[in-house]
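Worksheet: one structure, shown below.
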Amino acid sequence: MFTFATTPICVKIVWYADFLKYNSIVVFIVIIDVITVSKVRSYKAHLAKTSSKAQSSRRQSTEMNFLKQTCLQAVVFVCELITYFIISPKVDPSQRWLIFSLTTFAWVCVHMLDGIITLTFNKEFTQIIFRGRNTVADYGVSRSNLEATSNAASATKY
């Protein structure tokens, strides 16, 4: 199992180069996502005058789901960083299974939860993966138009 040395310089390097750097990246990503959602909402407010209330509320729900997804993913990643960099060094080294759970197992769980959160907040992914939705029809191409185009192309080959 990989651990950092407990010398004072290594502790500082771990704190600044790893823990604070990764937490800063997570916070930066959340800030960018919040700014993006707010700009999209202000842009959509101008377009809302021309769209129906149903479309507007559906779009707003999608934007809020995106923001919830981002924040929840950030919380999961920060919790993993805390367990790895703050809690696990305080555990008695003889407790190898506990250290394994707080480091390696937590790292695996955070990435598993990231995928679960993505699938939970994006129903389109879930439908494509588990229900085998017809992706050609989803992009606005009907099967009859696709067949007509294919037949016309094969008729002009010869």
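Results for (1) assigned to a helix (DSSP H, G or I); (2) surrounded by 15 or more Cβ atoms within 10 Å (Cβ to Cβ); (3) touching a residue at least 12 places away in the same chain (Cβ under 8 Å), shown as yes or no for each residue.
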site: Ile32; (1), (2), (3): yes, no, no
site: Lys68; (1), (2), (3): yes, no, yes
site: Ala74; (1), (2), (3): yes, yes, yes
site: Glu80; (1), (2), (3): yes, yes, yes
site: Ile86; (1), (2), (3): yes, no, yes
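Which condition from (1) exposed (fewer than 14 other Cβ atoms within 10 Å of the Cβ); (2) in contact with a helix residue (DSSP H, G or I) (Cβ under 8 Å, 6 or more places away or on another chain) is the one that Lys90 breaks?
Checking Lys90 against (1) exposed (fewer than 14 other Cβ atoms within 10 Å of the Cβ); (2) in contact with a helix residue (DSSP H, G or I) (Cβ under 8 Å, 6 or more places away or on another chain), the one that fails is (2).
Would a scan of region 8-31 turn up a residue that is at pLDDT below 90, in contact with a helix residue (DSSP H, G or I) (Cβ under 8 Å, 6 or more places away or on another chain) and of a type in the set (S, T, N, Q)?
yes
The values are calculated or read from the model by the stated rules, or taken from the named source; none is laboratory data. Just so you know, these numbers come straight off a predicted model, no measurement behind them. Cβ coordinates were reconstructed from backbone atoms using ideal geometry, including for glycine residues, and neighbour counts include every protein chain displayed.
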